[in-house]
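Colleague: I'd like to ask you about the structure that follows.
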Amino acid sequence: MSAPAFEPPQAVVFDFGGVLFNWQPLQLIQAVLPSHARDEAEATVLAQAVFQSFVPGSDWAEFDRGVLAWDEVSGRIATRTGLPQADVHRLMAAIPPHLAPIASTVAWLERLAAAGARLHFLSNMPAPFADYLLQSHAFLGLFLSGVFSSEVHQVKPNDDIFHTAAERFGVDPARTVFIDDHPYNVGAARALGWRAVQFQDAAQCEADLKAQGWL
């Protein structure tokens, strides 16, 4: 049975890309590969070809899951898209610095931590990018723990990674807030009983959670 809406959450679980860190693949591709993405339409087509909408089982999702190495996934992308492998390497190498902290979400995270909230993260993230973020941003120490897809060889929106996260965090999903920008991940979490909300920006997300009595 689900917990009453007014019952305080045991924990708040954050996604990373698009929630806590900037993730705008069209802008990234246009900045790194301008000759291949001369306008938004070309950038959209190339982003779809490179990232394959992050669908589980796709090349990039397998990179997220930690079962394809950098050179393997870059080679597959080059073969599939026709991009020179050097261009694929440049695009991939540009991703970690592109994942800049979103100031408004970091400020909200700090307020939650100061109020005593238990904070965890659940992120689809290849190991090289995860390592970069952990080494670069001291505020990630506010999280008690987290799950990276590459660490556990599971990816959102599949059920198994949510089960792994709940077990690792020691939480009841029905009393745990999950924040993600991707509608499929939010839908998957809700189907498993999590208090999931789709992130657009920090102000909207905080307001939605308060309106539902979840914060």
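Colleague: Taking the Cα centre of the chain as origin and charging only Cβ (+1 Lys, Arg; -1 Asp, Glu), how large is the dipole, in debye to the nearest 20? Provide the component values of the computation, followed by the final result.
Modeller: Numbers: 13 positive and 23 negative charges, 56 e Å.
Dipole size: approximately 260 debye.
Colleague: Sorted from largest down, what three extents in whole angstroms do the Cα atoms of region 1-123 have along their principal axes?
Modeller: 53, 30, 24
Colleague: Hey, can you find the accessible area per residue of region 90-190 for me, probe 1.4 Å, expressed in square angstrom?
Modeller: Values: 4240 Å² over 101 residues.
Here the residues of region 90-190 average 42 Å² of exposed surface.
Colleague: Under a crude label model (7 Å from the Cα following the beta-carbon direction), how far is Ala115 from Ala103 in nanometres?
Modeller: If labels sit at Ala115 and Ala103, their model points lie 2.2 nm apart.
Colleague: Let me ask something else about it. Using just the helices of the chain, give the 222 nm mean residue ellipticity in deg cm²/dmol: DSSP H runs with n ≥ 4 each add -39,500 (n - 2.57), and the total is spread over all residues, rounded to 500. It would help to have the intermediate numbers written out before the result.
Modeller: Numbers: 11 runs with 108 residues, N = 215.
Result for the chain, helices only: -14500 deg cm²/dmol.
Colleague: How big is the shadow of the Cα convex hull of region 48-94, averaged over all directions, in nm²?
Modeller: 2.9 nm²
Colleague: Let me ask something else about it. Carbon and sulfur together cover what percent of the accessible area of region 1-149 at a 1.4 Å probe radius? Walk me through the numbers before you get to the answer.
Modeller: On the way: 3900 of 6730 Å².
Summing carbon and sulfur atoms, their accessible area is 58 percent of the total for region 1-149.
Colleague: In Å, what Kirkwood hydrodynamic radius results for the chain from the alpha-carbon pair distances? Let's see the in-between values first.
Modeller: Working: mean 1/r = 0.0558 Å⁻¹.
When all Cα pairs of the chain are included, the Kirkwood radius is 17.9 Å.
Colleague: At q = 0.14, 0.18, 0.21, 0.25 Å⁻¹, what log₁₀ I(q)/I(0) does region 111-207 have when each alpha carbon counts as one equal point scatterer in the Debye sum?
Modeller: Per q value, in the given order, log10 I(q)/I(0) is -0.53, -0.91, -1.25, -1.56.
Colleague: Rounded to the nearest 0.05, what FRET efficiency do Asp208 and Thr81 give with R0 = 35 Å and r taken as the Cβ-Cβ distance? Could you check? Let's see the in-between values first.
Modeller: Working: r = 37 Å, r/R0 = 1.07.
With a Förster radius of 35 Å, E is 0.40.
The values are calculated or read from the model by the stated rules, or taken from the named source; none is laboratory data. Predicted, not measured: the structure shown is a model, and the values here were computed from it. Neighbour counts run over all protein chains shown; Cβ positions are idealised from the backbone, glycine included. These area figures cover heavy atoms from the full protein model, side chains too; ligands, DNA and RNA do not enter into them. Shrake-Rupley method; radii C 1.70, N 1.55, O 1.52, S 1.80 Å.
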